[in-house]
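Q: One structure coming up, written as structure tokens, with questions to follow.
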Number of protein chains: 2
Amino acid sequence: METKEARLAAIPKALSFDPASDRFYILDQTRLPTDEVVEEQTDVEQVYDSIYQLKVRGAPAIGIAGAYGLLISLKEHRDLDRNAFEALVHKNADYLNGSRPTAVNLSWALKRMVGIAEAFPPGESTAALYAALRAEAMAIHESDIETCRLIGEYGAELIEEGSGVMTLCNAGALATGGIGTALAPMYVAWANGKRFRAYSNETRPLLQGARITSWELHRFGIDVTLIADSVASYLMKLGKVDLIIVGADRVAANGDTANKIGTSSLAINARHYGVPFYIACPYSTIDPHTPTGEEIVVEERGADEVIYVKGQQIAPADIQVFNPAFDVTDHELIAGFITEKGIIRPPYNFSA
Amino acid sequence: METKEARLAAIPKALSFDPASDRFYILDQTRLPTDEVVEEQTDVEQVYDSIYQLKVRGAPAIGIAGAYGLLISLKEHRDLDRNAFEALVHKNADYLNGSRPTAVNLSWALKRMVGIAEAFPPGESTAALYAALRAEAMAIHESDIETCRLIGEYGAELIEEGSGVMTLCNAGALATGGIGTALAPMYVAWANGKRFRAYSNETRPLLQGARITSWELHRFGIDVTLIADSVASYLMKLGKVDLIIVGADRVAANGDTANKIGTSSLAINARHYGVPFYIACPYSTIDPHTPTGEEIVVEERGADEVIYVKGQQIAPADIQVFNPAFDVTDHELIAGFITEKGIIRPPYNFSA
């Protein structure tokens, strides 16, 4: 009989590292949902382009890709002396960091890698430093795998047999190095043998729910139904939704949560219909130095993301557009935070 | 100085009839928002195709197009004897009715035209019957123009200088023979010199808000901003929305209202943020024989409308989709109905 571990191993992966050969692979997410193409990354320019072109996306996955990308850029240079090798570490880390300058996890992971090089004993060989960098990249990856696993285990308890579970955007396996955050509870519950219906909001304008979430859940075998974002409320009215789990970009000290645009509307509708609304995120997403959601600056993006869909014009080319990437959900609408430390219930006080 | 009438005359028209030449024209809405193409309709097959292909859409506009379409199909046959001419009236009306069998306004308008022929005195000439049919088609059109105008006048009073007014889908000039229903108050207020911001929800999956509403408001000169449907709640949170006006497909006797999917979510968010939420519709949209929204059957449409946008695949081709065309908004969330008889306030009791 197939074990739970074997079932969970079948979840699609955003990236993978082969420790036998030090080879690094990513799933090209720009080819989804039509083509499943795994692409080996063999040099630093390729990794830069993969991050820049969103072939790999999602905060945790980008950080891990940065670490492995730096590592493979050093693989053929282990014959350099320590000074030259360390200069290359700095140069390639700076270069990769420019692929998505606003991605906090990317600079965080690259800093961890550079920190290993800077603190490494001067007497040790270049090969030994390379081995230490390799261990660090794998540790960054392993830590994310474990965080996702624990979020999945804690969150799976919330999912009832025969229920309906809704999500928005993609906080899935393809956004992380593991089994995702918001989708992790679904994967663990399903691997435990629970059967339920998943609902994926398509998530305009960039359609991560349509392109990625529905693809990864469907490929794994979860019973998933795609909806236009405007359908979520009506599904709740029909009594089809028992639980909503979404991810988070940043959580303020009082529990106010910035996440993909549309999250707050889901939470308000959930309150109206009495559906429990949860945030799943690594504990590190909680920022004790941001007192409330009022202090979170919402990024506004360009009009063309709304006016064009895959190159097809759907609105007047010169129309004004308001295209915020995120919104902030009031903490009073959130039933709990599913983290690797367990489920945190209100009242929330994450102050430093 | 430009008069209010001159300003209102500049609103785009879904269709027009030239009484000097008995020529009938439609704006090809399938070419929007990129091309503004007015197409003369010269035979009954062309009108059938225009309705079938959604070149003309919106319940009132389809009815009027059916009446004029029937009329122009008879124009070159005024030399027939009465029996042959009346047979042609029936034949062409039946044929046109098949272009959108579920469109209640189409069968209603065609029945009115056929009724004229059936009741026409036997002694009168074919030319006299044609003239009566012509008068009937123009009366159907004029009545819709007047209904829209009155909805506009009553609703314009709700719009404050400097405020934000939101709508969903297209209940605009291009859905009617006049200046629209939900958009009529905006046109009248703007023509009266009031300045305000309009917000158009793009309205997935068919994007009528992006393709049509934002096009017609922008072309007229109203300050309109397009948003993804999921942005509406966040705009309310920002305090940018002072009023929401949408159309209706059917209003039950207790005020529960069926309208484009997403309407109910807007109304729930409006209640959460204290934004007044209005329905604009002809009084005939109210169905006293439907006691509540529970009795309204919601049409489900195909998966491909969600999976493909203008032919581009945005989700797995074999994904399950739930694609309801409408939802039902609870009467308790509705601040009033803007009709040609005035604004109707709660408590609602439209029983027969």
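Q: In the stretch A:95-106, what count of residues is obtained for those that are in a helix (DSSP H, G or I), crowded, with 19+ Cβ neighbours inside 10 Å and in contact (Cβ under 8 Å) with a residue 40 or more places away in the chain?
A: Here the count works out to 3.
Q: Of all residues in the stretch B:217-248, which are facing another protein chain (nearest Cβ under 10 Å), part of a loop (DSSP other than H, G, I, E, B) and among the charged types (D, E, K, R)? Please lay out each step first, then the result.
A: Taking the stretch B:217-248 first, the residues facing another protein chain (nearest Cβ under 10 Å) are B:217-219, B:223-238, B:240.
Those still in the list that are part of a loop (DSSP other than H, G, I, E, B) too: B:228, B:238, B:240.
Result: B:240, single match.
Q: For the stretch A:150-158, indicate whether the set of residues that are open to solvent by less than 20 Å² (accessible area, probe 1.4 Å), in contact (Cβ under 8 Å) with a residue 60 or more places away in the chain, in contact with an Asp or Glu (Cβ under 8 Å, 6 or more places away or on another chain) and assigned to a helix (DSSP H, G or I) is non-empty.
A: The answer is yes, given that some residue of the stretch A:150-158 is open to solvent by less than 20 Å² (accessible area, probe 1.4 Å), in contact (Cβ under 8 Å) with a residue 60 or more places away in the chain, in contact with an Asp or Glu (Cβ under 8 Å, 6 or more places away or on another chain) and assigned to a helix (DSSP H, G or I).
Q: Looking for something open to solvent by 60 Å² or more (accessible area, probe 1.4 Å) and on the phi > 0 side of the Ramachandran plot - is there at least one such residue anywhere in the stretch B:318-337?
A: No - not one qualifying residue is present in the stretch B:318-337.
Q: Check residue A:332 against each of (1) out of contact with any strand residue (DSSP E or B) (no Cβ under 9 Å at 6 or more places or on another chain); (2) at pLDDT below 95 and name the one condition it does not meet.
A: The failed condition is (2).
Q: Given the criteria more than 12 Å from chain A (Cβ to nearest Cβ) and either buried (at least 21 other Cβ atoms within 10 Å of the Cβ) or outside any loop (DSSP other than H, G, I, E, B) (or both), does residue B:142 qualify?
A: Numbers: more than 12 Å from chain A (Cβ to nearest Cβ): yes; either buried (at least 21 other Cβ atoms within 10 Å of the Cβ) or outside any loop (DSSP other than H, G, I, E, B) (or both): yes.
Yes.
Let's see how each residue does on (1) at pLDDT 95 or above; (2) aromatic (Phe, Trp, Tyr):
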residue	(1), (2)
B:235	yes, no
B:260	yes, no
B:267	yes, no
B:277	yes, yes
B:280	yes, no
B:289	no, no
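Q: Can I ask one more? Report the residue count in the stretch B:299-311 for those that are of a type in the set (A, V, I, L, M) and open to solvent by 30 Å² or more (accessible area, probe 1.4 Å).
A: 1
Q: Restricting the stretch B:198-208 to residues that are within 10 Å of residue B:224 (Cβ to Cβ) and either acidic (Asp, Glu) or at the interface with chain A (Cβ under 9 Å from one of its Cβ atoms) (or both), which is surrounded by the most Cβ atoms within 10 Å (Cβ to Cβ)?
A: Step by step, filter the stretch B:198-208, then rank; the result is B:200.
Q: Buried (at least 24 other Cβ atoms within 10 Å of the Cβ), free of Cβ contacts under 8 Å to residues at least 24 places away in the same chain, at the interface with chain A (Cβ under 10 Å from one of its Cβ atoms) and in a helix (DSSP H, G or I): does that describe residue B:214?
A: no
The values are calculated or read from the model by the stated rules, or taken from the named source; none is laboratory data. Source: prediction; values computed, not measured. A quick note on method: Cβ atoms are made from the backbone with ideal geometry, for glycine too, and the neighbour counts reach across all protein chains shown. With ligands, DNA and RNA removed, areas are computed over all heavy atoms of the protein, side chains included. Shrake-Rupley method; radii C 1.70, N 1.55, O 1.52, S 1.80 Å.
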